[in-house]
Amino acid sequence: MRISYHVHSFLLSTFLAVAYFASCISVNAQEFPNKPITMVMPYAPGGPGDAITRLFAGSMQKILGQQINVDNTSGASGSIGTAKVARSKPDGYTLLMIHVSHATNMAMYKNLSYHPVDDFEPIGLATNGPMIIVARNDFPPKDINDFISYLKSHQSTISLANAGVGSASHLCGLMMMNVLGVKLNEIPYKGTGPALIDLMGGQVDLLCDQTSGTVPSIKAGKIKVYAAANKNRLPSLPNTPSITEAGIKGLEINISFGLYAPKGTPKSVMEKLTSALQQSVADPEVRKRLDSMGISAVSVEQATPSYLRAHLKNEIETLNVLLIKADIQAN
Ligand code: MLT
């Protein structure tokens, strides 16, 4: 069968065009990174997520050889910043550092513009950390036992800050109200960084936050701590009782942060990002800084796509049951 000259040249030019674009993608992926990277932290500056993101951005940029800029696009419990990453170009230059709200927002927001699993490539888990119950300095109860009875007798007058429905501080506050059988007045913020400022100023009474955002303020005497929402006492706060020690069960919560890229990011780029994250979690300097915040880096084996994928699946399955039981919906 003779192929006409025109068909032949069309097929050849199409083949060359596809080969050229394929080679461009692979060359770009091979050159990655050859410009600054944006790491979105979808909560406000000054909070625990911001502290962790800046630490990893600083470490990973040295390893990758390109600047990593932190972008605090916040609001709607992290879903605005997360949506921004979901619709960004899948080239490795826009990343997302996020925690439990990547799982809970699916149950919280009916009209979420992204799917936490289908629209993202997991790079790896980064940190684990406990939560603590803190208050403005002049909050009356003198210790955790006094705190528990005070909440029960004054619940309608007490304000409890959080970072929006589905955030870590919201989950911890929800669990605290459930186990103590109280209903406090919840005040949402764009992150626990701004909430902490109001707590120090006395504009809000309580906050259940991650240690990475609050231990420095406790040690500086700017806020008071009642208990660790943890089975055991925390090395960073040895004189603070655990909630379990105070006889309260069901208020032990651990918050992990993971790093994601948009779906479709080239495999070779993902491998470079995962390798940089693994080098960061293994870096003694990073581990020392995290330790000073009362949290820990994960192991290199946990800083992998498969581990983060399984972690997210587990959070989606377990936490949404809790939120649905509590009949919580953001919109
Ligand atoms: C933050 O970084 O502001 C917190 O992670 C928000 C939260 O409580 O989840």
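For segment 66-84, which positions are aliphatic (A, V, I, L, M) and more than 16 Å from the ligand (Cβ to nearest atom)? Break it down into steps so the answer makes sense when it comes.
First pass over segment 66-84, keeping only residues aliphatic (A, V, I, L, M): 68, 70, 76, 80, 83.
Across segment 66-84, the qualifying residues are I68, A83.
Before we move on, is I255 of a type outside the set (F, W, Y), closer than 21 Å to L174 by Cβ and at pLDDT 95 or above? Full working, then the answer.
Values: of a type outside the set (F, W, Y): yes; closer than 21 Å to L174 by Cβ: yes; at pLDDT 95 or above: yes.
Yes; evaluated as a whole, the condition is true for this residue.
When A220 is tested against (1) of a type in the set (G, A, S); (2) modelled with pLDDT of 95 or more; (3) more than 16 Å from the ligand (Cβ to nearest atom), exactly one condition is not met: (2).
Just one of the numbered conditions (1) in contact (Cβ under 8 Å) with a residue 60 or more places away in the chain; (2) under 23 Å from G164 (Cβ atoms); (3) part of a helix (DSSP H, G or I) is not true of D198: (1).
Criterion applied to P90, P116 was being out of contact with any Pro (no Cβ under 7 Å at 6 or more places or on another chain) and either assigned to a loop (DSSP other than H, G, I, E, B) or surrounded by 20 or more Cβ atoms within 10 Å (Cβ to Cβ) (or both), and the one residue passing it is P116.
Just checking, does segment 46-57 include any residue being within 12 Å of the ligand (Cβ to nearest atom), at pLDDT 95 or above and among the polar types (S, T, N, Q)? Among the residues of segment 46-57, at least one is within 12 Å of the ligand (Cβ to nearest atom), at pLDDT 95 or above and among the polar types (S, T, N, Q), which makes the answer yes.
Of all residues in segment 93-108, those satisfying the criterion of being away from the ligand (no atom under 15 Å from the Cβ) and not in a helix (DSSP H, G or I) are Y93, T94, L95.
Looking across segment 61-86 at every residue that is more than 25 Å from M131 (Cα to Cα) and free of Cβ contacts under 8 Å to residues at least 40 places away in the same chain, the one that is surrounded by the most Cβ atoms within 10 Å (Cβ to Cβ) is identified as I68. Within segment 270-308, the set of residues being closer than 13 Å to L55 by Cα and not in a helix (DSSP H, G or I) comprises D283, M293, I295, S296, A297.
A quick yes/no check of all residues on (1) surrounded by fewer than 16 Cβ atoms within 10 Å (Cβ to Cβ); (2) away from the ligand (no atom under 13 Å from the Cβ):
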site: V179; (1), (2): yes, yes
site: V182; (1), (2): no, yes
site: N185; (1), (2): yes, yes
site: G193; (1), (2): no, no
site: Q210; (1), (2): no, no
site: N230; (1), (2): no, yes
site: R233; (1), (2): no, yes
site: T240; (1), (2): no, yes
site: F257; (1), (2): no, no
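Scanning segment 158-176 for residues that are touching a Leu at 6+ places or on another chain (Cβ under 8 Å) and either within 15 Å of the ligand (Cβ to nearest atom) or at pLDDT below 95 (or both) returns L160, A161, N162, G166, S169, L171, C172, G173, L174, M175, M176.
Being more than 30 Å from I316 (Cβ to Cβ) and not assigned by TED's automatic domain parsing to the domain that holds V286 is a condition met by at least one residue of segment 190-197. Within segment 305-331, if we keep just the residues that are surrounded by fewer than 13 Cβ atoms within 10 Å (Cβ to Cβ) and hydroxyl-bearing (S, T, Y), the residue that is modelled with the highest pLDDT turns out to be S306.
The values are calculated or read from the model by the stated rules, or taken from the named source; none is laboratory data. Only a predicted model underlies this, so the values are computations on that prediction, with no experimental measurement involved. Because the Cβ atoms are built from the backbone with ideal geometry, glycine has one as well, and the counts that use them run over all protein chains shown.
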